Structures are given as structure tokens and as C-alpha cells.
1. Sort A:212, A:293, C:454 so that the residue with the fewest other Cβ atoms within 10 Å of its own Cβ comes first and the one with the most comes last.
2. Which residue, chosen from C:440, C:347, C:427, occupies the Cα position most advanced towards the positive end of the dipole of segment C:345-470, where the dipole is computed from +1 (Lys, Arg) and -1 (Asp, Glu) charges on Cβ about the Cα centre?
3. Can you bin segment A:142-229 into rounded, prolate or oblate? Criterion: square roots of the alpha carbon gyration tensor eigenvalues sorted a ≥ b ≥ c, rounded for a/c under 1.5, prolate for a/b above b/c, oblate for the rest.
4. Name the residue from B:207, B:148, B:244 whose Cα lies farthest towards the positive end of the charge dipole of segment B:54-319, charges +1 on Cβ of Lys and Arg and -1 on Cβ of Asp and Glu.
5. What is the spin-label model distance, in nm, from residue B:107 to residue A:98 if the labels are put 7 Å beyond Cα along the C-beta direction?
6. How shielded is C:133-139 by partner chains, expressed as the average number of their Cβ atoms within 10 Å of its Cβ atoms?
7. Viscosity 1.306 mPa s, temperature 10 °C: what is the translational diffusion coefficient of segment B:127-191 from Stokes-Einstein with a Kirkwood Rh over Cα pairs, rounded to a whole number of µm²/s?
8. With N residues in segment C:419-500, what two-decimal value do you get for its Cα radius of gyration over 2.2 N^0.38 Å?
Amino acid sequence: MNQLLDVLGTGLDLLRSRRFPAALAIAGIVGLFLAALFMFPSFDSYSDISELTLFGAFVGFVAAGETLVILIGGVDLSAPWVMTTGGILVAGWATAQHVPTVVAIIGALAVAGCVGAVNGIIVAWLGLSPVIVTLATNGLVEGGLLAYERGMSPLNVPTPITHWVYTKVWGLSSAGIFWIVASVILAILLRRSTPGFRHLATGGNRIAAVLSGVPTRLVTVGAYCGCSVLCALAGILYSGFVQIPYYGMGDPFLFEAVAGAVIGGLAFTGGEGSFVGTLIGVLFIVTLNQFMSALNVSAGVVDLIYGGAILFALAVSGPGSAQKALTKRPARRPAAKEAATP
Amino acid sequence: MTQVYRAPTPPTVRSVESRYRASYLLTQPTLRVWVLAIGLLIFYFALSPSSMNFGSLNLLTENALPLAWVAAGQMAVVTAAQIDLSVGSVMSLSTAIAATQMGSSGVDVFGTILVIVLIGAALGAVNGFFVAYRGMSAFIVTIATWSIIDGLALLVLPSAGGAVPNGFANVINTTSPVSFGAIALVVSLVIWMWVRTTAGFMRLRAVGSSAEKAHWAGVAERRTTLMAFMFSGFAAACAGLVLAGITQSGDPNIGTSYILNGLATAVIGGVSLFGGSGSFAGVVGGAMVLTVVNDVVFALGLNSYLEPAIVGGILAVAVLTTGLGSQGSIIQGVDQ
Amino acid sequence: MAEPVRSDALEMRQISKHFGGQLAVNGVDLVVQAGEVHGLIGQNGAGKSTVVNILAGRLKPNEGEVRHADRVLVSPTHVEKHLETLVTVVHQEGSVLPALTIGENLVLGEDRPAPSTVSRKAMRSRVAGAYEALGLPVPDASALCSKLPPADRKILEIVRAFSSGARFVLLDEPSASLDPRMTDWLIAAMHEAARVRSLGIIFVSHRLREVQRGTDVVTILRDGKVVWDGPCDGITPAEMVGHIAGKEIAARVGEASQQQKGPHGPASESPPALKLTGFTCGTARDISLKVDKGEIVGVAGVEGQGQRDLFYALAGTRRYQGVVELEGKQVRLRSRRAAMQAGIMFLPDDRARQGVIAPMTIGDNMMVASIGTLRAVPGWRSRAREREFVEKERQRFSIKMAGPRSFMRELSGGNQQKVLLARSLSNEGRLVVLFEPTQGVDVGVKADIYAQLSDLAAKGLGVLLYSSDEDELSLVSDRVLVLGKGRVVAEFTSEKISRDVIVEAMVGYSDVEAQLGPEPVAGTATA
């Protein structure tokens, strides 16, 4: 009985913080589905679910990476070009240089890991703002990749990857299942493993964590490293989907990933959020995407709706624990004084 | 108790240091950034002696202008201990509107300019509202509005193009005898000299120092924050207008690089990411630094991909040498 | 009430305020006459801050009103506009804006049509006028407040309050950041302002001797009610303690103090738990001290004397020079982890910023320092062990909480401190370093904490603590060191310890100034 309660407890823990936005997101997904069924006669819900999970995987891995970093109060704005790099490097090495696919994948992930490590080291040891550091890295990775791959063409994604991305397992996208399983594993690791606890402690109050002996710098480097690896993985999967990777293919994913994370209830103050919440948020984003493309909506409107969705989710989440913990601000503010000297 | 109180230990503030001693001056960020700017300029002239003329100085100030203005907006927001990531898209939107809506008559031109800067200020007000009156994180709010405004820009102008009336473009592109950029910068600096003495600027710094304490000292901290964001939107819109004049067209993506560069300019110019201090004179210096770096990279025949790296390097040095070794993250705001 | 209430008195009548279900203040009557210095005392949680906030206009009471000269200033439905022109408050937490200069802080909040200019000359003359009126030397009006030590910032706030033109000045624990000489000045200034300018002054403090010296009338709060109110001469400090804490707690504190002076003397054969030689860090200079096993050593000193540098360096978070030996072995405290491995346990003072992890539960907060040990398999948390741990600690420290899964914000300050103490002590070590361990904590919890420290010493650990409360130091410590300008300027052993002796040493440190030379370079202005 105790164990059953424990499992239930873990389940609740997974969704614990910010339950409300995640619940809203689920409602949103269901709502959109019903609307689609109603509006589009050719809507085949089953195959669309499979497509949703596939697209969800691309955004979702990036979102999972961002969740990792945002949980410790940072952000990774180098996701777009690290993602692109993942796809392009694998294609370049496997096709143009005839490196075995598996080695190419490992190599690309390792490169991404190094980029992430650099991000993490600069943020942790030099204390610079992650916004500036990762924006700079984004540009540097772009420059580096363009310089490196200048001679390489044609770039084709190796067949094993493309093949796998398009496989379905029990009617659902295999890449999608991979993503969902990975998210759940990450969620469990976060709540039940010791490194996960230290991660949350670092995000909750960095100084308190330092004073309690948590190796916050390592946690930081690990977070950024993990984020970059996940982004590169997303890039590899996406390149399998498009079959010919192109420069800048990672650009649209940062917004969608962050939007998904926020909608899923992630707090930017750090220490609060869940991978499952992010999963739900990403599914919502992807469903919204499908819906909008079915409506044939222009790029501008898509951006508009994204921004709006993020704002809405944020408004609905309310203040995080950190803010609640501060003393309540009383209502009245003193009017300016009149002439002072007696 | 009628005892006469003994004179206590005097407050331990150093008597005013000679403000002209070198070691004191060198700690002033504004001075340092200008020393750097002039040094880089000399370096540039050494590399490319043919550029050592007023023409290239004019060009330099011309290119530095949009950056300086958007960075001024960033400075206002960062001084209030916030951040504005939507400035780039406001710039893009401004160029888009200018390139599609601006008619050629004088009235048309001025009318469109007015509308554009008002839109910029209004968009800034939206940011300010959510941050100041709803207590949301500036980072995520401005990411959301970044997306929304980008969307608006795309709706107005789906891809780079459009045209800006000649009269407008000619004014902005004057490069002799003195460039429009140089004049505009000087005028802004003069306005700055006045702004820094106002009570309003003092209240902005107060809010950036500690919003709560400012509140209890009687400062309308929410309104002040709102105005900071409105100014940021306004400044970005002005910068966008200048860009539209320079490129004589519109581009819904042109503003993206200005987000990082604008922040970098402000930080290099001595604005503290903690909030509470900053100088526009330093920001102009920072803009000059970045613009000269651009030219230096070109003159050295270096790959333009190296530019972000160089900017990043200068940024790191600026941040570290201001003694604010850990400036703290804008998101966290936690410091030891 | 000794005197009839004059018409220009500030009166609180039957003020009640509750938060949630909790009654913070219950039927409080308080009358401050013009020209009197009125003390307000009570322990944390007695309702002092609520009273202060209501008088300041920050809170509306649920019942009762605040009146002055037939005008209702504060009531459940109304707060008077421009209240601060009549009643000005110097708050405990400090309201000086660090990024602004002295002059700017002085003039901030004054009504101006925007955007008008603030001329340097005008600020300089205002600063000069305000400081001189109070008999203080005039500081540089364009000095940045971020570079000022906390005492100077507090003085700035006090000067601002007295020069603001308000008829009533409320000072909430002003002496916390002031050294004894400045406190003397403050007391004298309060009296002068009351006599000469007929201001009404409310002085909130937990330091009984200051209240005795400084006030004419005293009101004592306990559990939200007024338990005593009358002229200062009519009550002794001992009686005050009795009223403040209630009889049972006063007895417990008395007991605890008997325990402290008990048998645990230092074991002289084994090497000391801690020995510092030539220790320098920030403002702390060339400090040599030792803490024997089983000994409790207290450090005294006004804020800014280097104690923060010393303590945080021992915790492992600051670079230092000098030799640190733990039980005879030299160690290098490169990081907090290194210090923890060497056996140094640490409790910081600032709960909100450096202790409480707000998004985590109470149980999680307790476990942070020892999470590595609460596992069945390396890297994987064990619920069973965690449950056990939390329950054990809860009992050990008698923490009042709803359950391990609720959040820290639901706990009182004292219980939060207990959770943090449990965390700090959870990884067994040999030296316990505590920085202001009972700040913002009520007397009952204080007694509990003193008992814990006594236990630790009895087990043979060394304890080093810093406290700004000299009474506490003399109660708890076997030995007290006084820091002045970064150095140890005096040392007292238990027989000679009493609060007055410590204070004398602190006051005397300024004589040491002449001997030691110029001020240490301010690397850390806020120590």
C-alpha cells in the first residue's frame, strides 16, 4: 500500500508545481481537437495524433533542454543554431565524409555537449548573464558552422535516420514515443534522483544551495550541456524529417519550445516546473500549429498567436513561490511629501 | 536627560577624492568606453589610412546612430532593473511600416513618423503594463511581445522590400558636411545632459536600485517602470526609422541582431545589469566601439563570422573589469 | 496613564488586526504625547511590526483607529492622505537606495512637478542643514550610498526622518546597525527633539537598557496585547523581561543560562577545534583566535567590523590569507564543499536570501545539505530514509509544522530558523559556525536554540557564533571576542562576561583606532 502511495506521490510530484496551467493546456488540446473534428471533414484524428507526436518530438526535445536550464534560473538562446548544427553535422559527416551514421550522431552530440559546456562554464564561473552568453554563443555557432561546412555539399541525411523518423509503432510515431518516454524518464530523474534534487535546489535558491554544499557550478554546466545535447538531438531528428537539412532550420524552434515550457507551467525564477508539464505544453503548441496550418494562416499570424499564448499562460500562472514568499505589499503608497523643512 | 552628546565618530565616507586623479577617472565607465572607442578608431585608421578622413567619420556616426538609440532604450529599461527583448522586432516593424505606408509629401512623412513612434511607445506600454502592473517577468513578457511584434511586422511586410520616399531617405543619409547621424547623436547627448539632472531620472535609478524601497520613499515605481518600457519602444521605433532611411527599404527581420548588440552596447557603455546606474554618454561610446569593430573586422579581412566573437570578448572584458565580476543574471537577480 | 492625554497626542485606540485566522494585534491602546519619547517593546511575534505598520499607514486595522487632534488618521476604511507628513517612520529593514547618493536619498519622495531638475547645490545645502541640525558632521552629499557602511545608512534615514517636518517620528529598531556611541547620540538626539521641538518619538527596540535610558514612557506588548504601559522609572529591566516573555519562558531562559555556565569547559589536552593564525579576509585583519573542543566562543562587534568576512570565509565562500587549523590539522577552505568536508557546519543570517529555498517543501529544505546520504542506491533518493530523517529532525528541534510536504512560507520565522539549523547540522562535523543564529526569532525559539548549542558543545564540538545581541552572547558563550575595525580588540572569559563589559570594549574600540592606523580599505562596504 505504501508503495502504491509512493507511486501516486511521484505522479503527483511530476505535475506538482503549477498544476493549473498544465491542466488548462490539456483542456486546450482537447478543445482544439474537437474544433478540428468539427471544422475539417477530412480530419483523421488517429493519423493526426501520430503526426502531432512526431512534430512534438522536434519541439519537445528542445523544450526539454530549455526546461533543464530554466529550472536553474537560466535560459539557452543558442538552441536554434545548436539544433541546426546537430542536423547538418550528421548529414555532412555521414554523407560527404562517409562516416558511419552512429559515429556521426555521437560526434554531433559531443560537439553540442562542448558548446553547452562552454555556455555553462562561462555562466557558472564568470557569472555573466545567460541571456548575453547564449545569444553570443548562438552567433558564434552559426559562424563556426558556416565556416566549417563551406565546402560540404550535397548534404543528405543518412537513410537510417530518415527511415527511423518515419517509422510508426502501433500507429504512433516512433520518434514521438521516444520523446514521450524520454520526458517521463527525465521527470522521474528530476524528482527522485540525487542529482535531480541538487538541480532543483540550485534553481530554488542558488546561494542556499552553495551554502549547503551543492556543487552548483557543476549543476549549471551539466544543465547547459544537457540542453545543447537535447537540442542537437532534436536537430538530428528534424533533419531526418526534412531529409535535406538547411541552415537556419533551428530558428523557429526556440520560440515554440519556450512557449511550450511556459504553457506547461515552468517558472522563470527557477526551481519550479516539470518535464511532464513541458510535454503537455509542447503538445498544445504543436496542436495549435497543426490547427493554424489547416486554417492556412500566414507566418505573421502564427507569431502573433504564439506570443499571445505565452502571455496568456503567464497571466494564468500567477506569481511563483519565490514571489509568494516575499512579504505582502500593502496597498497604499504614500503620496509625495509637501515642502519639508520646518 | 540634558547631557550634551559627544560628537560621534564621523560617517566613514571618504572626503571627496580629487575627481581629476587618473585612478579615479579610469574607474568611470563612460570615460573608459570612450578611451576604448578612440583607441579602436586610431587602430582602424592605422590599418586603413585611406579612411582617415571626415567622410568615414561621418559614415561611422551614421551607422552608430540606430544602435545608440536602441541601446538608449535598453539603458532606460536596464536601469530600472528590467530587460526588453522586443526592441529588435519594434525596429523591424518600424522599417516595415515606413517602407509601405510612407507617402512622399512632407505631411505624409511626418505623419507616418509620428504614427510609428507612437506605435513604438504603445508597444512599450504593453510590455510595461505586464511587467509593472501584473508583476510578470520582463524576460518572458518581452519574449512573447517579441514574437507578437515580429508577427505584426510580417503581416505588414512579408519579406524585405518596399520603398521609402526619397526626401526622407536623403535627409537621413546626408553625410556632408556632417552626417545626419553625427548631428542626431550630438542633439541626443545634449538632451541627455539635461535628463540626468531631472528628478525623473533619479526616480528611475531609485526603482532600479530597489523597487520596494522606492515605493516606500514615495516613488510611483510602477508608473516609472512603465515609462521606462515606453521609452524603450519609442527609442527602438526611432532607431528603426533611421534604419529605414539608411537602407531605403523595409525588412521584417532586420532588427534581430540589434537585440544582442543593443544590450552589449549598453553594458559596454557602463550600464549595470543590476539596475540603478547608467549613462547615455557611455552608451554612445559603446555604439561607436561596436561600429568601429565592424569596420576593423572588414579592414583586417577577417571573416565576418568573427564579429560576434569580438563583440562578445569586449563585452566580457567590460563586464569583468567594472569590478562587477558577477553581474548576476537578469533572470535571477540573486547575488552573494 | 500618568498624564492626561493632551489634544495634540497621537492616539491608537483599540486597534485590532488579524491575518488569515491569526490575531496579530488585539485591542491595543497606545498614546504618544507630543514632546515625549515613548518606548515600545516586545518579542518577535508580539505584534510590534503590525503596530508600526498601522501607524505608518501601510496597514489598515480591522478595528480601532489612530487619531490625532480630533482627526482620524487610520481606520479600517481609511488612511489619511499625506500621513507621512505627520508621522514618519524609520523602518527596521532600511530604506536607503544604494544606487543613489546621500543627497538624492534625502530629497527623494519630495513633491516636485516632474521633470524638474535636482541641483547639486540645493542637495548639498539640504544635507548640510539636516545633519548640522542634529549635531552631526556633514558628509559628502554626492557620495553613493552603496559605498556607505550600514551604520551611516541608518544615520541617513534618521536624519531624513528628523528633518522631514513630521510631528511624530517612529524608529523601528534603529540601534541594530549602530555602534554604542552612535546609539548614545541617537538617544540624546531623541530627547532633544522631544524637549526642544516637541516632537513625539516612538522608539521600538528589543534592547532593554537602551529603552531604559532613552525613553520616558514604555509600552510592553505580548501576544498582540498591551501588558504594561507607564513611565519608564516605574519598572525594572527584570520586570520588563517578565512582561515581555511571560513567566514560563523567562524561567526557561533562566534555566538555559544555568546550563551554559555548566561543566563543559574546554578539554585542554586535545588540539582546539579551530585555530586561526594571521587570518585576513576583506575587512578582517590579522585575526588569531582559537575555539577549543566543547567551547562556545562568541564574537561581538557592530556591523561592518569584519565579522561577516571572517565567518563566510570560514564557511568557505570567501578567499582569505592565513592559517586555518581544525583539530590540529591545517586545512585550506577553498570552497563550501571543502569546508564541509573539513567538518565546518554553517548557518547564515539572511534566511530569505541565503537559507530558505522557497519552491521546495519543508522536508526538502531540511535535506539539502545531506541529500547524498539519504539513499538506498547511489544517486537515487530513498523515500523511507528521507521520511525517517525529517521526522527525526522535527523531533530533535521541536519544529512546529503542518507536515514535511508543506512549504516554508507557512512557518513562523522561528520555525524556519529551526529547519535551517537542522539542515546546517545534518552533516556531522567538528565546528559549528553561526552568524546571527537568533535573528528575528522569538524568545521561546531562542531558548531552544541555546539549548541546542549547549548540546553540541557537550558533544565535544566547537561552536563559534556572531551575534549583535550582547545579552545573548554573554548568556551563551564561554568566551567572547570583540572585533573592532577588523581586528580582535578584546577578549573576555566566562567569569568576566557581562553585557556591559562587552559594550565597553566595543565603545572603547575607537581608541584602538588611533593605535591601529587608517581605516581598512573598503572592499566590502557592506560587511
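1. Numbers: A:212 28, A:293 10, C:454 18.
Fewest-to-most Cβ neighbours within 10 Å comes out as A:293, C:454, A:212.
2. Final value for the positive-end residue is C:427.
3. On the way: a/c = 5.21, a/b = 1.51, b/c = 3.45.
Since a/c reaches 1.5 but b/c is at least a/b, the shape of segment A:142-229 is classed as oblate.
4. B:207
5. It works out to 7.4 nm between the two label points.
6. Details: counts 2, 1, 5, 5, 6, 2, 5.
Average per residue, whole number: 4.
7. On the way: Rh = 15.4 Å.
Approximately 103 µm²/s, per Stokes-Einstein.
8. Numbers: Rg = 13.1 Å, N = 82, 2.2 N^0.38 = 11.7 Å.
So segment C:419-500 has a normalised radius of gyration of 1.11.
Just so you know, all these numbers are worked out from the coordinates, no wet-lab data involved. Values in this document were obtained by computation on a predicted structure and should not be read as measured data. Reconstructed Cβ throughout: ideal geometry from the backbone, glycine too, with neighbour counts over all protein chains shown.
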